[in-house]
Amino acid sequence: MTLLFFAVFPWLSVLSQEPYEARAARLQPQDIPPLLEKAEHGDLPSQVLLWLAYSGGHGVPKDVGKGVPWLRRAAEQGSLESQFVLSTVYEFGHGGVPIDLAESFKWAFKAAERGHMVAQHNVASDYFHGAGVEQNLEQARYWYGRAAEQGFAHSEWMMGRIYLEGIGVAPNREGALKWLTKSLAQGHAPTMLTLASIYMGPNGIPTQPQLVFDLDRAAAQTGSHYAEFEVGRFYRAGYLNPPDYTQAMLWFNRAASARYGPADHYLGAMYEAGEGVPADLA
């Protein structure tokens, strides 16, 4: 039986040598019954492939709900990626599975303990917000640190925030800048905004205008509407050069088109004052 099986489906004999996703994408309807037979007998690769088949509609009609039991069986057998993906299924309720944050945390934690970088970040976030587990800022910092040490930009940013704002620890500007600099090097937009905030005075006037402008503009180019608003504010106030109302309106309009409220307020003020346009007091 085994020899016949691999004679018909030789690609399965090298399952560990090619990503599961590539194999799943080639599945045809006739491939599914043999996979089901092997999966029922505990074959982990077949269980993973069935999850991918049902969740992606490869060889079968797409039905995430039918794939989840196979994903769980693979996770229970120790498939690291399956443990992580299963945690997201429970977090977001994919495939009609009821949202269960405690179950999500359980599976994310299993993957995190085994070194899964994104799972480590998610576990940290759960501890930070008390989602599916009791809030514990010390544990949050520990797991953010684990993911940050692996180079996960969002965790590096969170470590920077923790030390900058003194969240569960004494404020430490040097420690904050260490992690924020690492995250910035990866082009992480929230980090750009956090660093920009460090160099803003209490009255909203930048203490290092060129640096703050460069950070805000870089974040705006990633689509941050808050950053678009801040760039507009720079041009309107003339922190670097004489005010440029045309550029200010351009950036305020970008933010306003995304329903960023403060941008609407500033646009109204510019029209009322006739900044770059005829005054409109109506």
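A few points about this structure:
- Within segment 117-125, the presence of a residue that is touching a helix residue (DSSP H, G or I) at 6+ places or on another chain (Cβ under 9 Å) and modelled with pLDDT under 95 is excluded.
- Where a residue in segment 131-142 is over 13 Å from Tyr163 (Cα atoms) and its partner, wherever it lies, is among the aromatic types (Phe, Trp, Tyr), with Cβ under 8 Å and at least six apart: Ala131/Phe105; Gly132/Phe105; Val133/Phe105; Val133/Tyr127; Gln135/Tyr127; Gln135/Phe128; Asn136/Tyr127; Gln139/Tyr127
- Residues of segment 244-261 classified as surrounded by 13 or more Cβ atoms within 10 Å (Cβ to Cβ) and out of contact with any helix residue (DSSP H, G or I) (no Cβ under 6 Å at 6 or more places or on another chain), total: 4
- Of all residues in segment 96-111, those that are over 21 Å from Tyr54 (Cβ atoms) and charged (D, E, K, R) have Cβ atoms under 7 Å from Cβ atoms of residues that are at pLDDT 95 or above and part of a helix (DSSP H, G or I), 6 or more apart or on another chain, in Lys110/Gln83.
- Scanning segment 18-38 for residues that are within 23 Å of His116 (Cβ to Cβ) and in a helix (DSSP H, G or I), we see that the one that is nearest to the chain's Cα centre (by Cα) is Glu21.
- Screening the candidates Tyr239, Tyr226 for the property of being surrounded by 14 or more Cβ atoms within 10 Å (Cβ to Cβ), under 24 Å from Gly268 (Cα atoms) and under 29 Å from the mean Cα position of the chain (by Cα) yields one hit, Tyr226.
- Residue check for Val231: part of a helix (DSSP H, G or I), farther than 18 Å from Pro262 by Cα, aliphatic (A, V, I, L, M) and assigned by TED's automatic domain parsing to the domain that holds Ala263: no
- If you check Thr194, Thr246 for being touching a Gly at 6+ places or on another chain (Cβ under 9 Å), in a helix (DSSP H, G or I) and closer than 18 Å to His154 by Cα, only one passes: Thr194.
The values are calculated or read from the model by the stated rules, or taken from the named source; none is laboratory data. None of these values were measured; they are calculated from a predicted model. Note that each Cβ is placed from the backbone with ideal geometry, even for glycine, and that neighbours are counted across all protein chains shown.
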